Amino acid sequence: MPEFSLDIYRALLIALRSAGYQFMTVEQYASSQIGENQRVAVMRHDVDKLPRNSVLMADVEHREGMRATYYFRCVSDSYDEPSIRKIASLGHEIGYHYEDMSISDGNVEEAYAHFCHWLEKLRAFYSVRTICMHGAPTSRWDGRDLWKTFDYHQLDIICEPYFDIDYGSTFYLTDTGRCWDGFKVSVRDKIPTYQDQWVRQGLVFHTTAEIIRALEQQKLPSHVLFTTHPQRWSNDFWARQVELVSQTLKNVIKRAFIVLKK
Ligand SMILES: [Zn+2]
């Protein structure tokens, strides 16, 4: 099965279930009491672009009888009402993938008003209770700085994964960088301290097949949060090649950016 095909994604879901993992949305995960040995997997999807790809992924998950979480941005690359409506109708959680600080060029008051406006728009489709920052690597602004002045809990938001998930007991895997060990190239999508611990424990995976193998060998921790970018997951060969080229260029730019920042 080709890497980043929906077929291998489905194989990952099946491997998780066979290894005894129960699927939860971010909202369920944040609001449940979960035993230390209870196996739980959360599939979080950041819809950065190509929202129609997300519909296909949501459909695969629905057919596997599970619920996932989809975070949509406020820009036209991501915000597509028919796609949001369809994914919500399949029973998945919808959340806001916010970048209001970049859009408002660092003006906190403006950014908060913008945040509230888009939260309300998304709440027409789903009673949104979790949000997640879009970590635009080339932006000067860190979206999370909004919460130095304002408090999202007052908007009935119960979870922002960067703040409210305990990575001491939740293993985190992201496809940022178009592989599962891209924390090496990511500017903002990484977990401080714990990442080094996971590396020491040998919990480093490059391909989806390696994760599936680790599941078969019962080597994955009991609580796992996956982040994917559905734009790169497709059963279409040429769509995957286009994504591969654009991601390779992006990695080169990101590396240069990290060097420049040092
Ligand atoms: Zn994003």
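Given R₀ = 22 Å, what would the calculated FRET efficiency be for residue 149 paired with residue 75, taking r from the Cβ atoms and rounding to 0.05?
Working from the Cβ atoms, E equals 0.45.
Provide the packing ranking of 108-118, 130-140, i.e. peptides ordered by the mean count of other C-beta atoms within 10 Å per residue, highest first.
130-140, 108-118
Is the shape of region 90-159 rounded, prolate or oblate, going by the alpha carbon gyration tensor and its root eigenvalues a ≥ b ≥ c, with a/c under 1.5 for rounded and a/b larger than b/c for prolate?
prolate
If you put +1 on each Lys and Arg Cβ and -1 on each Asp and Glu Cβ, how big is the dipole of region 1-139 around its Cα centre, in Debye rounded to 20?
600 debye
What does the charge dipole of region 161-262 about its Cα centre add up to, to the nearest 20 debye, if the Cβ of each Lys and Arg holds +1 and the Cβ of each Asp and Glu holds -1?
Taking the Cα centre of region 161-262 as origin, the dipole is about 520 debye.
Once you sort the root eigenvalues of the Cα gyration tensor of region 33-150 as a ≥ b ≥ c, which label holds: rounded (a/c under 1.5), prolate (a/b larger than b/c) or oblate (the other case)?
The shape class here is prolate.
For a protection proxy built on the mean count of beta-carbon atoms within 10 angstrom, sort 4-16, 37-49 highest first, please.
37-49, 4-16
According to a simple spin-label model (label point 7 Å from Cα along Cα-to-Cβ), what is the distance in nm between residue 258 and residue 244?
According to this spin-label approximation, the distance is 2.2 nm.
Taking the Cα centre of region 6-261 as origin, work out the dipole magnitude from +1 charges on Lys and Arg Cβ and -1 charges on Asp and Glu Cβ, in debye rounded to 20.
The dipole magnitude comes to about 760 debye.
Work from the charge dipole of region 6-261 (Cβ charges, +1 for Lys and Arg, -1 for Asp and Glu, about the Cα centre) and give the residue of 91, 11, 102 farthest towards its positive end.
Going by the Cα projections, it comes out as 11.
Return the sequence-ordered ³J(HN,Hα) values of region 7-16 in whole Hz as given by the Karplus equation 6.51 cos²θ - 1.76 cosθ + 1.60 applied to θ = phi - 60°, using x for Gly and Pro.
The phi angles translate into 5, 6, 5, 4, 4, 5, 4, 5, 5, 4 Hz.
Averaging sequence separations of C-alpha pairs under 8 Å and six or more residues apart, then dividing by the length of the chain, give the relative contact order as a whole percent.
Averaging sequence separation for qualifying contacts and normalising by length gives 25 percent for the chain.
Could you work out which residue, out of 193, 227, 69, moves most in a Gaussian network model of the chain, that is, has the largest mean-square fluctuation with Cα springs under 10 Å?
193
How do 236-247, 201-212 rank on mean C-beta neighbours within 10 Å, highest first?
201-212, 236-247
Listing 148, 254, 219 from the residue with the fewest other Cβ atoms within 10 Å to the one with the most, what is the order?
The fewest-first ordering by Cβ neighbours comes to 148, 219, 254.
FYI, it's all coordinate maths here, none of it is from the lab. Computed from a prediction, not measured in an experiment: that's the story for all the values here. With ideal geometry, Cβ positions are generated from the backbone for all residues, glycine too; neighbour counts draw on all protein chains shown.
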